[in-house]
1. Label-point separation (nm) for R138 and L317, each offset 7 Å from Cα along Cα-to-Cβ?
2. Output the peptides 362-373, 313-324, 385-396, 111-122 sorted from most to least packed, where packing is the average of other Cβ atoms within 10 Å over each peptide's residues.
3. Where nothing but the Cβ of Lys and Arg (+1) and of Asp and Glu (-1) is charged, how large is the charge dipole of the chain around its Cα centre, in debye to the nearest 20?
4. Determine the calculated [θ] at 222 nm for the chain from helices alone, applying -39500 (n - 2.57) to every DSSP H run no shorter than 4 residues and normalising by the residue count; nearest 500 deg cm²/dmol.
5. In debye, nearest 20, what is the charge dipole magnitude of the stretch 45-166 about its Cα centre with +1 on Lys and Arg Cβ and -1 on Asp and Glu Cβ, if you could check?
6. Viscosity 1.306 mPa s, temperature 10 °C: what is the translational diffusion coefficient of the stretch 87-204 from Stokes-Einstein with a Kirkwood Rh over Cα pairs, rounded to a whole number of µm²/s?
7. Hey, what did the chain get for relative contact order, percent, Cα under 8 Å, at least 6 apart?
8. Taking 0.36 nm per residue of sequence separation and subtracting the Cα-Cα distance, how much length would be gained by fully extending the chain between I38 and V204, in nm to one decimal?
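FYI, it's all coordinate maths here, none of it is from the lab. Model, not experiment: these values are computed from the prediction. Neighbour counts are summed over all protein chains in view; Cβ atoms, including those assigned to glycine, are modelled from backbone coordinates with ideal geometry.
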Amino acid sequence: MAAMRDVSDSAEAGVSADEAFELARRHLVQPWPYAGLIGSESRGYIGKGDGVYIWDGEGRRLIDGPGGMWCVNVGHRCEELAAVMYDQAMELSYSSPWTTMSPPSAILAKRIAEHAPGDLDHVFYTTGGSSAVETALRFMHYYNNVRGRPEKKKILSRGAAYHGSTYLSASLNGRPRDHDWMDAASDLVVKLTAPNPFRRPAGVSAEGFADFLVDEFRDTVASVGAENIGAFIGEPVQASGGVIVPPKGYLPRIREICRDNDILYISDEVVTGFGRLGHVFASGEVFGLDPDMITFAKGVTSGYFPLGGVVISERMLVELRKSNHAAALFGHGYTYSSHPIGCAVALKNLDLLEGGILDHARRVAPHFEARLKTLEELPLVGQVRVAGLMAGIECVADRESNDPLQLDKEVGKRIDQHCYQLGLLVRPVINMCVMSPPLIISEAQIDEMVSILREGISRTQEDLRREGLWKERQ
Ligand SMILES: Cc1ncc(COP(=O)(O)O)c(C=O)c1O
């Protein structure tokens, strides 16, 4: 586990916070910018991190509520990960996966396969989550071409999904605003209802919601034609869509329909993998699923090195090897596939997870849930959803209509601003805040996090009331 030390002795970046801010404003294009600010903004300065904490340019200490971005699982400033990065760079910094193989990539593939469900025994490495999803989709296309099913290419995805920012992976996204100004490979993607019980369609009961989703899935397969559908992709818990926990039993039922219709089931575990739900993979251990492919990234290196990958079923590879097209090339791969430094970091990260952090995450998860659930006492909070050490706090205009605060879509940002002043970084998503702190978080730190959230939400309630944007229903 990351040792806690005074961070004041760590190397300075060489420029002051103000200078870095100005350089960013002049030269940096940050991800997901708005046209009115593109290339001219600088976001909050973070200079240091240690354990569950990060420090801003004014030396303010903040709990890292989002854990970087669902990724700093073993915490910041982990000496073991820093050391292994240095050691591997001194041993072998890079070798081409086109023509060579380095030991860390092979050993890591074996260890990942041991954690994956069913016959998911093979790993193709990528550079992150989007490239992992892109790889799984291109692999599905290739697989069906080789099998003589060139029409079987469409992908079933869901509302509220987030699968990445490459063209094809982004085409699967289903969150509001994701496609407002962006093109997508719409001809390849069919969208289904988000499995969000809190926002289920009018007239559908809570008990009947899983049946509704399964019926919709079956009807879609029938209308699009199984012969045209190559894969379904789903996050076990939809993360960026607001920590949407699906109704019980729904995912295994979808898995069965996929199996019956020769549709590959891709479980996107970019967020849920590597400890977020207390296990290396949640698909099997939490949801009883045996997908055909699992995509992973983020927590695989606790965010210390950009690495991702796809775990692929043995069955599919055997089928390809036995096909009549031995020379069919899977023309896909990255310069940094199987990067030795990334794989070495991931191996050490896995040692740390297996060596106690997974146990710790499972042990504190009930406390995390119980404490966060108390926020539902606040009238602005419509629902708190928790799975393992991830949480989504959804604010509503009123509890009866569950209106997602149409008057102020930026309520998440307001909460974030208050929490920031109080010592907590929050990830705002429209009318929600999502949390995924480092898995090493203690019960006392969870208490601190929740009490800041409570105060931040209360102050936001007051602001909205004062500005006439929100009125508590009596
Ligand atoms: C479920 C899921 N899949 C894929 C991605 C894309 O990963 P990356 O940003 O590493 O490309 C994300 C990113 O948040 C994600 O949450």
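1. 1.8 nm
2. Numbers: 362-373: 17.1, 313-324: 13.3, 385-396: 24.7, 111-122: 18.8.
So the peptides 362-373, 313-324, 385-396, 111-122, ranked by packing, come out 385-396, 111-122, 362-373, 313-324.
3. It works out to roughly 700 debye.
4. Numbers: 14 runs with 169 residues, N = 474.
Dividing the helical sum by the residues of the chain leaves -11000 deg cm²/dmol.
5. Details: 13 positive and 13 negative charges, 161 e Å.
In total the dipole reaches around 780 debye.
6. It comes out at roughly 92 µm²/s.
7. 20 percent
8. On the way: separation 166, 0.36 × 166 = 59.76 nm, distance 4.20 nm.
Between I38 and V204, full extension yields an extra 55.6 nm.
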